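Trainee: Handing you this structure, nothing more for now.
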Amino acid sequence: MSPCSPIFKMSPDITKAWTAKSQQVLKIHDHDFTMRPGFGGPAVPVGVDVQVESLDAISEVEMDFTMTLYLRHYWKDERLSFRSNNNQSMTFDGRLVKKIWVPDMFFVHSKKSFTHDTTTDNVMLRVYPDGKVLYSLRVTVTAMCSMDLSRFPLDTQTCSLEIESYAYTDDDLMLYWKEGNRSLVTDERISLSQFLIQEFHTTTRLAFYSSTGTDRPDLPLSALSMVFELPLLSSPGWYNRLYINFTLRRHIFFFLLQTYFPATLMVMLSWVSFWIDRRAVPARVPLGITTVLTMSTIITGVNASMPRVSYIKAVDIYLWVSFVFVFLSVIEYAAVNYLSTLQERKERKLRERLMCTCGMTHPGMMPLTYSEMDVNTTGNYGLPVENGIKGERMMVQMATGTDLVTGHVDSSAYSHVWIDTHVIDKYSRVLFPGSYILFNIIYWSIYS
């Protein structure tokens with residue numbers, strides 16, 4: 001290195017110097033912060049308030065919700081008091097949190113949670129000269145929400161986020177909402193695609209654990225958290241638990257478009273077969289099968305996005321009743337077709353007897369022939385109504401004077417004949433729509 005080149009001295013780490021100075025001001029090394037404030041005396045009061053930043057997701061399949069919030073704790077620790085001429089507080093980041101006592105809060109029934117760390121740990125500690133402490137952190141938590149889906153999708157759900165001390169019973173730590181319901185603040189811009197947020201409110205309860213200290217009973221959560229009085233067991237423990245309760249009402253419009261309207265249209269489409277000629281098998285059978293398969297697809301799609309619960313949901317009732325209506329329309333045609341076949345056999349035998357009688361009485365007259373029509377398309381003509389068959393009039397050209405040698409038609413006339421329309425089709429046109437309308441009235445009056 002050249003003797004003329006300047007010599008650069010490394011500047012001291014100001015951050016370390018300030019940290020050491022702050023620890024001297026707070027006298028951190030003079031106290032044992034592994035113990036709670038006022039150890040051996042009354043419980044230390046810890047006030048809590050929460051600002052909900054967002055309600056990110058509600059999952060019916062996983063039975064949980066995800067929430068991002070600012071969690072703030074307030075308490076007094078005289079060991080952190082310091083002299084201040086202007087009575088100003090001192091604010092620190094998360095590095096000092098590991099060196100002092102802070103409440104050991106956790107989220108009951110949470111599946112996962114984390115403290116945000118972009119661009120640095122979202123943790124703030126503020127200490128006042130008289131020893132009062134504000135500890136704030138930004139947390140995202142996914143917690144369990146037991147949902148009752150019996151009225152889905154016309155349901156209202158109530159979920160709770162529960163906050164509790166992990167180690168300290170109410171003898172050591174008194175957890176409370178700092179300002180009651182006003183301790184919970186929500187962002188007005190919070191919205192969910194499927195839910196309307198109706199209410200946020202707070203409650204406080206005591207949770208009982210049969211054993212205290214570091215050993216927590218390995219029992220179901222329902223057996224652990226009791227909010228009513230129990231007989232005192234050996235080493236009983238009562239813990240303060242804070243609840244953030246919110247009520248959600250599901251938006252129905254999405255399900256009307258995606259589920260209810262298509263199901264209703266499929267049922268109405270199945271009724272079209274009642275107005276189609278009962279002998280048009282290629283038209284009525286595919287129509288019935290198509291509506292049945294479409295209803296099956298709708299039911300499968302709805303259940304694919306739902307948890308496998310052991311009870312019937314409101315949407316299941318609507319879809320399965322609609323499926324039954326569609327299925328019965330197919331069965332209706334099967335019944336009509338079967339009864340019509342039986343009737344046609346009787347008519348065929350009766351025509352054969354009449355034709356034989358006509359041939360013996362008028363040997364010069366040819367049997368009646370139908371132009372472009374078969375017996376199966378004309379049905380009974382002028383015969384009495386039997387087995388629920390009702391006639392509809394139709395004009396058909398009949399050849400009555402055919403020459404025996406040339407086959408020339410000497411004269412022709414128009415005669416009234418009858419086309420079979422089964423009475424079941426007539427009744428179905430009224431009974432099916434009427435029954436379905438009645439079902440809808442009852443259904444929406446109960447669940448809406």
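Rule-based calculations on the coordinates, nothing more; no lab input. Note that this is a predicted model, so its numbers are computed, not measured. Quick reminder, even Gly has a Cβ in these numbers, built from the backbone with ideal geometry, and neighbours come from all protein chains shown.
Trainee: How high is the FRET efficiency from V430 to L256, r the C-beta distance, R0 22 Å, rounded to 0.05?
Mentor: The formula returns an efficiency of 0.25 here.
Trainee: Please give, to one decimal in nm, the separation of the simple spin-label points placed at K132 and E199, each 7 Å out from Cα toward the Cβ.
Mentor: Placing both labels 7 Å along Cα→Cβ, they lie 3.2 nm apart.
Trainee: Along the charge dipole of the range 110-203, pointing to its positive end and built from +1/-1 on Cβ of Lys, Arg, Asp and Glu, which listed residue (L134, L161, H116) has its Cα farthest out?
Mentor: H116
Trainee: Same structure, new question: Once you put a point 7 Å from the Cα of D172 and another 7 Å from the Cα of S305, both along the Cβ direction, what distance in nm separates them?
Mentor: 4.8 nm
Trainee: Return the FRET efficiency for the residue pair A43, N440: r is the Cβ-Cβ distance, R0 is 41 Å, and the value is rounded to the nearest 0.05.
Mentor: According to the calculation, E is roughly 0.10.
Trainee: If I model a spin label as a point 7 Å beyond the Cα along the Cα-Cβ vector, how far apart are those points for H116 and L206 in nm?
Mentor: Spacing of the two 7 Å Cα→Cβ label points: 3.7 nm.
Trainee: OK, next. Relative to the compact-globule scaling 2.2 N^0.38 Å, provide the ratio for the alpha-carbon radius of gyration of the range 287-348.
Mentor: Here the Cα radius of gyration is 1.62 times the empirical estimate.
Trainee: What order, most packed first, do the peptides 293-301, 29-37 have when packing is the mean number of other Cβ atoms within 10 Å of each residue?
Mentor: Ranked from most to least packed, the peptides come out as 293-301, 29-37.
Trainee: Within 10 Å of each candidate Cβ there may be at most 11 other Cβ atoms; applying that plus a DSSP loop requirement, which trypsin sites (Lys or Arg not before Pro) in the range 80-120 survive?
Mentor: For trypsin sites (Lys or Arg not before Pro) across the range 80-120 that sit outside H, G, I, E and B with at most 11 neighbouring Cβ atoms in 10 Å, the list reads R83.
Trainee: Based on the Cβ-Cβ distance of R348 and A280, what FRET efficiency does E = 1/(1 + (r/R0)^6) give at R0 = 30 Å, to the nearest 0.05?
Mentor: Calculated transfer efficiency: 0.90.
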